[in-house]
1. Near LYS28, which lysines are there with a Cα under 17 Å away, not counting those fewer than 8 places off in the same chain?
2. Regarding the stretch 13-109, what is the average projected area of its C-alpha convex hull, in nm²?
3. Pick from GLN48, GLN211, GLN97 the residue whose mean-square fluctuation is largest in a GNM of the chain, springs joining Cα atoms under 10 Å.
4. Can you tell me which of 37-43, 54-60, 234-240, 142-148 comes out highest on packing, and rank the rest after it, using the mean Cβ neighbours within 10 Å?
5. Based on other C-beta atoms within 10 Å, arrange LEU156, LEU67 from fewest to most.
6. Among HIS226, HIS46, which comes first, second and so on when ranked by fewest other beta-carbon atoms within 10 Å?
7. Please work out the FRET efficiency for the pair ASP245 and SER20, using the Cβ-Cβ distance as r and a Förster radius of 41 Å; give the result to the nearest 0.05.
8. I'm checking a number: the convex hull volume of the Cα atoms of the stretch 95-213, normalised per residue, in Å³. What is it?
Amino acid sequence: MKIDLVTIFPGLLDGPFKESMIKRAVDKGLVEINLVDLRSYTRDRHRQVDDTPYGGGCGMILKPEPLFEAVEDLKGKAGTGNSVVILMTPQGTSFKQEVARRLSGEKHLVIICGRYEGVDERVRSALVDMEISIGDYVLTGGELAAAVIVDSVVRLLPGFLSEEASENESFSGSLLEHPHYTRPPVYRDMEVPEVLLSGNHAKIDRWRREQSLKRTYERRPDLLEHADLTPRDKVFLDTLRNVEDD
Ligand code: 6GU
C-alpha cells in the first residue's frame, strides 16, 4: 500500500510514522508513507495555497489548483489506476473500524489534510472520493486526524499483526478488551485474579471472554448490538442483566 498525505504543514506529520509499530511496517515494506507539501504544487511567486472566500468572511480557503495538480500527479506516480482520495474534514462521515478495514484493502490512498476554515467546494465535488471526520470535536486542521487514519489502517495490513492477534481481534473486534495483568502476582495488596495463574487455558479463555462482555455491557452497551455472540455469551449477558434487576 502507498499512502500520500497532502498538507501545508508536513512538519506536523513528521514524527508519528517514525516510531514504534508504524515505523516497523514502513521498514518491512508493508506500506510506503509520503508527506507531500502542498506548496510544492503552486506555480506563483508567492507559492500561495489559500485565498480569501468569495462573498466575504473571515478565514482562508485552500485554493483548488494546487490540490488538483497534487492529486493528479500523485495518482499518476502511484500508477494503480484506482486511488482513493480522502479529505479530512469535520464535515465528513465518522471514522469507524469498519472504514479502516475497507481502506486497508486499497492499493493507494491520497489523504488531503484540510484546514479548519475550509477547502474550495470544487475540491470536494470533483476531486475527493470520501470525506472523513474522526469525531465530534474541532481540530485546527486535518493532519492529526490523518495520522489517526493511517495508524488504524496500517495495523490492519496483512503481515502487520501476528496471525493469532488478528484472529483474536476478528473474534472480539466489537467488544472492549478484558483486563490485563503482568508480574508481580501481588502489588500493594492488589492480587492478580487466580484463574490467570491457574494454567487452565480453557478456563482463562472463558474468564477473558466474560470480562470482555461485562466491560462492554457496563461501558459501551451499544457495541453489543453488532457483536458476534455465541449462545453461551448470551446466557452470560442475561445473568448480568438479571443481577442488575435484582
Ligand atoms: Cl478530519 N478535521 C478537523 N479540522 N477537525 C476534526 C476532524 C477533522 N475530525 C474531527 N474533528
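No lab work stands behind these numbers, since they all come straight from the coordinates. None of the values given here were measured: they were computed from a predicted structure. Every residue, glycine among them, receives a Cβ derived from its backbone with ideal geometry; neighbour counts consider all protein chains shown.
1. LYS2, LYS18, LYS107
2. On the way: hull surface 34.8 nm².
Mean projected area for the stretch 13-109: 8.7 nm², to one decimal.
3. GLN211
4. Top of the packing list down: 142-148, 37-43, 234-240, 54-60.
5. Working: LEU156 17, LEU67 24.
Ascending Cβ contact count within 10 Å gives the list LEU156, LEU67.
6. Final ranking by Cβ density, sparse to dense: HIS46, HIS226.
7. Working: r = 45 Å, r/R0 = 1.10.
Calculated value: 0.35.
8. On the way: hull volume 19.2 nm³, N = 119.
About 161 Å³ per residue, rounded to a whole number.
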